[in-house]
């Protein structure tokens, strides 16, 4: 897609340049050593689109000797003046007919290019290109599809939020794992045992971690209400500080700041397996009545879930790490699969605005499914359409 | 006010970085790079807080003589020893300390990590035994395909029938990949919706507010 | 019938014990389980086997750290043995900071077995940070990324590197890695510089490489310990190696554990079905 758009732009710029009759320096091709190979022709230089400047895209017609396998590659040379000294800007192997010069010294200044075909024994230098200037752009046109879908998605979500606000009731299917949260907290209270909450082992940059922290807020409110001890071990220092703040705020919100134990949210270690053994130790010693494993997990998922199953805890897991889902499903009582993790906060709070976003998500998914069906049908009828659809979907 | 300031920061930065994604210009790229460096600095501060929490957590355990409190002494000693060896091991003239650090890493921490990782094999066996039951038609189907995939990766598979590895590959490539992609669609939308909710201040659970 | 019903309640400690035995016994007691090379292993083996001796070297990128050693090191060793036995030259490099020690160890162990000499039969370039930048600069010239080998000898002073400039002069780039770095080799060395690329990966990441195999972007693939044991088998069959087959031993353990797992699942299901049958009768 990118190449094609670049190609199109190149053609466009070339046509414009031709119409404006800009003086393309037409120095005669020059043979550097034994002139057994022909040089590349039709050298064109244009500003590289959609970038921060300091880049020019050079393209050319391959040397006719490429077909005879005489060419090994092309050296791209740059100069500030058309008949000045050309310095090497880069090298591409045979088969390529363009090069992005990413090291253009200055924006807004004319540069000229020549391309040297390199063979095993000889080389051939092309004519000089048209002058080109590097410049920065303020909008990445290759991302226009992403922008449109974001806007569309936001509009759909907004419509459903407005509907929810106006009091329209929205049906949300029952999610067993989330329906069990209340019961799980109640069980721990009855048994007088703590609740263990692991917000994944990834960083705050992971949206799954943020979703897990949102659910932590809801769970902490319930533990504050029932005065159930809560244990939140952490692997990432930033997640730890955020989790601590969330739990504290939840206790304040419920009006039980006195019940908040500063040591309930704590940091364990940054080592993956060290963390797994630490949490296993907590489960073996403290015997929590309920374990929550929500967020991003890797190979330690089964180590945690199996130990938890052995201690007899009710286990609620949720992750969008697809490779770890089977492990959680086998060893936990309830598992939130992928998007259910993101729906949890809305489901638990029953807040109409949040439920509205869930509906918006559902409709967007319906649109994607529809597009998939159309795409599939179209590409079955005509394979060319598939290429067009793929180009439309690619984000640069 | 305590609630509003974080919300304003999130809204402003959220919208800014959304726009930044579409603007390739130099200034936009520079701002993005600078904020990436900021996050590094913030993380460094968070490590100090995290270590404070670790020390505090274990000191309390020792003070209150909680069950297995002696393990906390091991943790604290390990923390201090490894940190000191790591820091002073680089000083000229104290190279043996650096060597000791490496030895402790290679012969203590590394094997412990590997041992923990190896437990996975045992847990996989017990979890598969407990959960892989033909409770319904779907579960039976899953069971059969699981068997084929397992047979496909060991020589017995080809011994039984030479096509088994190919069928196993097909199961992994086609139905398995299709299901994975289906889940990924939902995950992608879920991620976008969560980000949108936080940026617009609809989701406030992270402030302890539960959306109110 | 009670015994059959109890099959659903085997204590997991017994399962653990049997798994431990299933791993340990095949490692100690020699077993003769058949090895049937998979098609992608055969393809890679065949590709390397056809390279003319004493000609251009293959490039092996051993980009893995000690945690992936059990699966990947036997692969590297088997390929080196194959090459040395056939007189095919090898250039070894790594993009993983912990990888240099591992590949050097393999070379130091195997070279004396075949009388291979550094600089004539093999070159060890060591570690270079910067993944894709290194891959691209090799596309121009090895000397740009590695002016000297691991021991500080300029590449031009190594006889076997004479006339070896870039990917155009190596018949194969073999990426042995447990991370997505192999995809980098495909993107740069193959797509951009037209090199033939083969891969060796850990068993969990195999599924990620099937699309590349189908698209013909990989000449072959060694799939975890299984792939390594198949390569060892092919080496032995053709008389290229008499060394102890490390991966084959490991694969014996893997196979037995798989069988044990399947046995447990079958037993659990028998117990489950019997229990269900009895309950429905009641």
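Every number here is computed from the coordinates shown, using simple stated rules; none is lab data. In this text the structure is predicted, and so the values were computed from the model without any measurement. Every residue, glycine as well, gets a Cβ built from its backbone with ideal geometry; the counts of neighbours run over all protein chains shown.
When the P(r) of the range C:39-243 is calculated, the portion above 25 Å amounts to 27% of the C-alpha pairs. Over all pairs of different C-alpha atoms, the range A:116-222 has a mean inverse distance whose reciprocal, the Kirkwood radius, equals 21.0 Å. Values of log10 I(q)/I(0) for the range A:61-129 across q = 0.16, 0.17, 0.24, 0.28 Å⁻¹ run -0.54, -0.60, -1.05, -1.30, by the Debye formula with one identical scatterer at each alpha carbon and no solvent. Here the spin labels are modelled as points 7 Å beyond Cα on the Cα-Cβ line, and at residue C:20 and residue C:259 they lie 2.2 nm apart.
Pairs of Cα atoms nearer than 8 Å and 6+ residues apart set the relative contact order; for chain B it is 15 percent. With the gyration tensor restricted to C-alpha atoms of the range B:107-167, the semi-axes of the equivalent ellipsoid amount to 30, 19, 7 Å, longest first. Note on chain A: Cα-Cα pairs beyond 25 Å make up 68% of the total pair count.
Each Cα pair under 8 Å and six or more residues apart adds its sequence gap; the mean of these over the residue count of chain A is a relative contact order of 15 percent. The mean number of partner chain beta-carbon atoms within 10 angstrom of a residue's beta-carbon across peptide A:45-56 is 2. The tail of the calculated P(r) for the range A:170-350 beyond 20 Å holds 47 percent of all Cα-Cα pairs. The calculated pair-distance distribution of the range B:1-86 uses every alpha carbon pair, bins of 5 angstrom beginning at 0, and gives 3, 11, 12, 13, 12, 10, 7, 9, 11, 6, 3, 1 percent. Rg and Dmax, both from the Cα atoms of the range A:203-310 and both in Å, are 13.5, 39. Neighbour counting of Cβ atoms within 10 Å sorts the residues A:60, B:70, A:363, fewest neighbours leading, into B:70, A:363, A:60. For the segment B:21-31, counting C-beta atoms of other chains within 10 Å of every residue's C-beta and taking the mean gives 6.
Taking other C-beta atoms within 10 Å as the exposure proxy, C:143, A:174, A:116 rank A:174, C:143, A:116 from fewest upward. A full extension of the chain between residue A:190 and residue A:148 corresponds to an added length of 10.0 nm, given 0.36 nm per residue minus the alpha carbon distance. Globularity index of the protein assembly as shown is 1.06 (Cα radius of gyration / 2.2 N^0.38 Å, N = number of residues).
Cβ-Cβ distance of residue C:276 and residue B:145, R₀ of 22 Å, FRET efficiency by 1/(1 + (r/R0)^6): the value works out to about 0.50. Quick check: Cα centre of the range A:202-262 to Cα centre of the range B:135-176, how many Å? One Cα centre to the other: 43 Å. The distance from the alpha carbon centre of the range C:156-218 to that of the range B:4-29 is 39 Å, rounded to a whole number. So, in Å, what gap is there between the alpha-carbon centers of the range A:109-157 and the range C:25-96? If we compute the Cα centre of each part, the gap is 41 Å. Taking other Cβ atoms within 10 Å as a rough exposure proxy, A:310, A:300 sort from fewest to most as A:310, A:300. In this rough spin-label picture, where each label sits 7 Å from Cα along the Cβ direction, the residue A:372-residue A:329 distance is 1.6 nm. Taking 7 Å steps out from each Cα toward its Cβ at residue A:322 and residue A:168 produces label points 3.3 nm apart. Across the range B:82-135, counting alpha-carbon atoms alone, Rg and Dmax equal 19.8, 67 Å.
Peptide B:167-178 has a mean shielding of 2, counted as Cβ atoms of other protein chains within 10 Å of each residue's Cβ. The value of relative contact order for chain C, using C-alpha pairs under 8 Å at least six residues apart, is 27 percent. Here the ratio of the Cα radius of gyration of chain B to 2.2 N^0.38 Å is 1.57. Using just its DSSP H runs of length 4 or more, each adding -39500 (n - 2.57), the protein assembly as shown gives a mean residue ellipticity at 222 nm of -18000 deg cm²/dmol after division by all residues.
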